[in-house]
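Enquirer: Okay, handing you the structure first.
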Amino acid sequence: MLAALRDKSLHLQVFALALPMVLSNITVPLLGLVDAAVIGHLDHAWYLGGVAVGGTMINVTFWLLGFLRMATTGLSAQAYGASDKDAQASTFLQGLTLAWLLAAVLLLFHQPVADLIFSFSSASDQVKLYAEQYFSIRIWGAPASLANFVIMGWLLGSQNARAPMWLLIATNIVNIGLDVLFVLGFGWKVQGAAAASVIADYSGMALGLWFVSRQWIAQALPAVREKIGAVREGLGRLLKLNRDIFLRSLCLQLTFTFMTFYGATLGDNTVAANAVLMSFLMLVSYAMDGFAYAMEALVGKAIGARNRDELGRYLVGTTFWSLMVSLILTLMFTVFGSNIVALISNIPAVQQEAAIYLPWLAAVPLVSMWCFLLDGIFIGATRGKEMRNSMFVATCSFFAIWWLLMDYDNHALWGAMLGFMAMRGIGLAVLFTYQWKKNIFLETANANK
């Protein structure tokens, strides 16, 4: 381990992938913070609550299909490590085809699904009204959002982190600018925030496809017309591979959805405060995901090359820098948490409510970094079954902790969330340690095929 940490080339390799993704990923929760800040400065808390609930619905809808990025990263990284250009080309085209098929299904059935979900919400009528408005507009960004999953995954798997970085940064700059223009300039309120996101998604897709075309030419991959015939043949295998990752994502989004919807039953100020604090949690998630993405690409590359020594070096280097970032985030939340809350919302009741639960946020980075890193390892190895099983255990733990602490209202939600993050890491760590010691992880990495 110490020898690996003294290897400057290892740190440079990790940072070449991780740093661009950390920088770009931070713009995603920054967008959430701007959304919350712009809407939070309107005259009622229910606008912010509506964006929180409606945004959660959209995130659930899209993130459930996050396997598009995960599988694409793992498969393209393995193809890159094995120098298999045909597989690289096929992976992108199959992923893009699947993304647009799923987007068509979402657009066709989004209204009855939305009606069903909102019928279970106990939020106030005002929060529910604005949540429905937000969702009904944002859903039209589905073709672009899902395509962007595939684009980012393929570029990252091809060991190109700079293009996804500029893709995310450009998309979120457009979104933030239109947010301010539509909400504060035109007075479109919740509808303006939703419209800004849709336009930004399509702008990002156009830029992303341009990046893919440049990477395609640089690697001298087969012409698209030569691979179109193979797209249909590979869709069945791609769906099978992603089955377990989808179920894993379903469990993950169940916990976040429950947290938002149950929080809404505790009052408008609580759901608004939780929206602010969830922006903090997203900051942690996307910062840690930057290193998880690097882990996916590096692990997939090492597996494609069948190189156990390189795999071990990547694990050590990425874990070290993830720990450093976690410590920085913990310090930031502890010292400046109240100041950041005040910047997001100027509603005194929301500020006071959010301040009560800030201590939970301080513990999140160090507890959650392990589950993000281990997710990256298993995604790079395209091992969906283990991810599914460990996530199921963690989800059961979430609801068990909430049930035991439910008399403490919102504290129960945040305690359950912290326990959930911890169990995700513990479950995957146990599985990985066993497989590594038995020397079966590398050899059976593609067991899902």
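The values are calculated or read from the model by the stated rules, or taken from the named source; none is laboratory data. Predicted, not measured: the structure shown is a model, and the values here were computed from it. Positions of Cβ are backbone-derived with ideal geometry, glycine not excepted, and every protein chain shown enters the neighbour counts. Remember, those area values only see protein heavy atoms, side chains included, never the ligands or the DNA or RNA. Shrake-Rupley method; radii C 1.70, N 1.55, O 1.52, S 1.80 Å.
Enquirer: Might you report the magnitude of the Cβ-based charge dipole of the stretch 155-302 about its Cα centre, with Lys and Arg at +1 and Asp and Glu at -1, to the nearest 20 debye?
Expert: Numbers: 11 positive and 8 negative charges, 113 e Å.
The dipole magnitude comes to about 540 debye.
Enquirer: For the full complex of protein chains and a 1.4 angstrom probe, list Phe246, Phe62, Phe258 by accessible area with the highest value first. Mind dumping the intermediate values first?
Expert: On the way: Phe246 70, Phe62 10, Phe258 50 Å².
If we order Phe246, Phe62, Phe258 from most to least accessible, we get Phe246, Phe258, Phe62.
Enquirer: Just report the Cα centroid separation between the stretch 288-353 and the stretch 147-218, whole Å.
Expert: One Cα centre to the other: 22 Å.
Enquirer: Continuing with the same structure: Mind scanning Lys385/Lys437; Lys85/Lys437; Lys240/Lys437; Lys85/Lys301; Lys85/Lys240 and naming the pairs with a C-alpha gap bigger than 24 Å?
Expert: The pairs that break the limit, which is 24 Å between Cα atoms, are Lys85/Lys437; Lys240/Lys437.
Enquirer: Which three semi-axes in whole Å describe the equivalent ellipsoid of the stretch 222-364, each the square root of 5 times a Cα gyration tensor eigenvalue, listed largest first?
Expert: Details: eigenvalues 305, 106, 32 Å².
Semi-axes from the Cα gyration tensor: 39, 23, 13 Å.
Enquirer: Moving on to the next point. Can you list the aspartates and glutamates whose alpha carbon sits under 19 Å from that of Lys438, skipping same-chain ones fewer than 8 residues off?
Expert: Answer for Lys438, where 19 Å is the Cα cut-off: Asp309, Glu310, Glu386, listed by chain and number.
Enquirer: Name the shape class, rounded, prolate or oblate, that the alpha-carbon gyration tensor gives for the stretch 362-424, where a ≥ b ≥ c are the square roots of its eigenvalues, rounded holds for a/c under 1.5, and otherwise prolate holds if a/b is larger than b/c and oblate otherwise. Before the final figure, lay out each step's value.
Expert: Details: a/c = 4.82, a/b = 1.83, b/c = 2.63.
Note, shape of the stretch 362-424 comes out oblate.
Enquirer: Moving to a separate point now. Checking the cross-link filter: which lysines have an alpha carbon closer than 16 Å to that of Lys189, excluding same-chain neighbours under 8 positions apart?
Expert: Result set, ordered by chain and number: Lys128.
Enquirer: While we're here: With +1 on each Lys and Arg Cβ and -1 on each Asp and Glu Cβ, how big is the dipole of the chain about its Cα centre, in debye rounded to the nearest 20?
Expert: For the chain, the charge dipole is close to 1560 debye.
Enquirer: If you don't mind, another one. How would the stretch 322-449 be classified by its alpha-carbon gyration tensor: rounded, prolate or oblate, with rounded meaning a/c under 1.5 and the a/b versus b/c comparison settling the rest? Write out the running numbers ahead of the final one.
Expert: Values: a/c = 3.15, a/b = 1.93, b/c = 1.63.
Prolate, since a/c reaches 1.5 and a/b exceeds b/c.
Enquirer: Same structure, new question: Pairing the Cα long axis of helix 125-138 with the longest principal axis of the chain, what angle in degrees results, from 0 to 90 and rounded to the nearest 10?
Expert: For 125-138 against the chain, the angle is about 30 degrees.
Enquirer: How charged is the neighbourhood of Ala82? Take every other residue with its Cβ under 11 Å from the Cβ of Ala82, and add Lys/Arg as +1 and Asp/Glu as -1.
Expert: Working: positive: Lys85, Lys301, Arg306; negative: Asp84, Asp86.
Residues close to Ala82 contribute a combined charge of +1.
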